[in-house]
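As structure tokens, the structure follows; a few thoughts come after it.
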Amino acid sequence: MTSLIIGNNLSKKIGDRYIFKGIDIEINRKEIIALMGPSGVGKSTLLRILCGLDKNYEGKLSNNFVKKYPIGYVPQELSLFPWRNVRQNIELVFELRKVKKSQRVIEVKRLLEKVELLGTELLYPEDLSGGMKQRVALAQVLGNDPEIMFLDEPFSALDLQSRYNMQKLLLRLQNEIGFSVFIITHDITEAINISDRILILSGGLGGQLKIIENTIPKLKRFEESKHSSSLYKQVSMELYNSMSSSNSL
Amino acid sequence: MRNFRIIIIRLSSISIFLSAWHLLVYFNIKDPLYFNNIPSPIKVIDSWKDELLNPIYFKNISVSLYRVLTGIILAIFIGFPLGVLAGINKYIYNCVFAVTEIFRPIPLLAYVPIVAILFHGVEGSIIFVTFIGAFFPILVNVVEGMGKIPKRLVYIIEVNNGRFFDKLIKLYIPYITSALYTGTLVGVGASWMGVITAETLSGTFGIGYYTWNAYQTFQYEKVFIGMFTIGILGFFSSLILRILKSTILKDFFRVM
């Protein structure tokens, strides 16, 4: 597998305190990685370091990846601009890339089709449901043709059904387009449904990063969650134990 | 139906006010307030009908309007970019606020003697007072607005390789339009208070001067005409801003 980002000995200090210390991390091409851990251990901070938004860290990040390749970022709270309608929010990325107006129109239509939101162009974020807002945020991010998509608990505010639908949409898009995904989630089911690897950042004095390979075959993951097979239970238990030991540090 | 009810309530309220005023004058109430020299509403209205045929009355209005408008436009052109810069850069913020926090609490009336010395003519000094009246509310609101811009929206532009100019045009200015509107709405009221005060003390034309001159020449009906004219001008100034808010600026007040 080709590595897109390699982070060595990554540490983040605020004041005199380390939030996490000595983290080694690798994101490969076309891979989906879920990052989990207790609240406050620095998951969002680690994500921002990896996508180049936080340059105040110790350690080494390979290749200045984010300077060379386009990335996508969806923060925890939605990043739609309230004064722009759906079309204009997606267009924002193309404006920043200095794409011509005529081309923007075509691209926006293409992306709206991908996220199944054709017909909503003139609506504003305040008119949209939670799930629709997330779709627009995804479309906005896809406009940059990202190599890696960084998602910070993107579906946490959605109901169960909407979350399920968004997970399936994300997987379909990832399969079609081939980008990597680095997603923060608190939902074990979600992590198992979509990711190839699950990273658990523990708390305490400098974090530890545990890696769990998702051994459930990709095509069976959503199926497995419905049937609660032994394989699914095994993965769930491993995650639960890791989370419990993180919380007890 | 609801709007009709609101209109009825408002008209009733004005009628009660006018009736109370008329009765206080009619019965020549002297205690606790002295209504002996106060003209009745009917006298004021009669006098106002004559003033509406007097070109000097409209000249006074236009002169005050010009002064307020000039002051507000200057306040926006200086206060808005200064507020944006102070919101972005903490060094500029500290420089600006070290000075402005000293001058901001000073009442507009206290500026009049100094500006009378500083400016060569009366016009400049009056416009300066209207400028100061609008400048501080605009500056403070814009800086506060800048402080409320969510970091996540800045990240979206940065992650897509947007530069400072992109942030300014696509995020900062649209986001703080609502703050600028609030500052301007407050500033308009303060500018009107400022212009009346300055014209009272040093003007030769203007509705403030008209009102004060009426008092000094015992034309009490015109004092009320001046006061209500100021009130109406202030009301329409705010109304224009509210119309702008609900039309051209409508999208900038949307929330998530």
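The values are calculated or read from the model by the stated rules, or taken from the named source; none is laboratory data. This is a predicted model, so every value here is computed, not measured. Positions of Cβ are generated from backbone atoms using ideal geometry, with glycine treated the same way; all protein chains shown enter the neighbour counts. Areas reflect the complete protein model, heavy atoms only, side chains present, ligands, DNA and RNA absent. Shrake-Rupley method; radii C 1.70, N 1.55, O 1.52, S 1.80 Å.
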Check your understanding: What number of residues in region B:94-119 are open to solvent by less than 90 Å² (accessible area, probe 1.4 Å) and not in a helix (DSSP H, G or I)?
Key -> 3
Practice item. Give the residue, chosen from A:Ser102, A:Ser79, that is assigned to a helix (DSSP H, G or I) and of a type outside the set (D, E, K, R). Key: A:Ser102
Review point. Which number in (1) among the small types (Gly, Ala, Ser); (2) farther than 14 Å from B:Leu74 by Cβ; (3) part of a helix (DSSP H, G or I) marks the one condition that B:Gly162 misses?
Key: (3)
Exercise for review: Could you run through region A:108-132 and say how many residues are open to solvent by less than 60 Å² (accessible area, probe 1.4 Å), more than 14 Å from every other protein chain (Cβ to nearest Cβ) and part of a helix (DSSP H, G or I)?
Suggested key: 5
**Study point:** Restricting region B:138-194 to residues that are over 29 Å from B:Phe235 (Cβ atoms) and small (Gly, Ala, Ser), the residue that is surrounded by the fewest Cβ atoms within 10 Å (Cβ to Cβ)
**Key:** B:Gly147
Point to revise | Condition met for A:Arg221 (basic (Lys, Arg) and at pLDDT 85 or above) | key: no
Check your understanding: Based on what the data block shows, is B:Ser202 under 12 Å from the mean Cα position of the chain (by Cα) and either open to solvent by 20 Å² or more (accessible area, probe 1.4 Å) or more than 12 Å from chain A (Cβ to nearest Cβ) (or both)?
Key -> no
Practice item. Identify all residues within region B:216-227 that are farther than 24 Å from B:Thr70 by Cβ, touching a helix residue (DSSP H, G or I) at 6+ places or on another chain (Cβ under 8 Å) and among the hydrophobic types (A, V, I, L, M, F, W, C); write none if there are none. Key: B:Val223, B:Phe224, B:Ile225
Exercise for review: Kindly indicate whether any position in region B:167-179 is out of contact with any Lys or Arg (no Cβ under 9 Å at 6 or more places or on another chain), at pLDDT 90 or above and away from chain A (no Cβ under 11 Å).
Suggested key: yes
Point to revise | Among (1) farther than 17 Å from A:Leu80 by Cα; (2) among the aromatic types (Phe, Trp, Tyr); (3) in a loop (DSSP other than H, G, I, E, B), the one test that A:Tyr164 misses | key: (3)
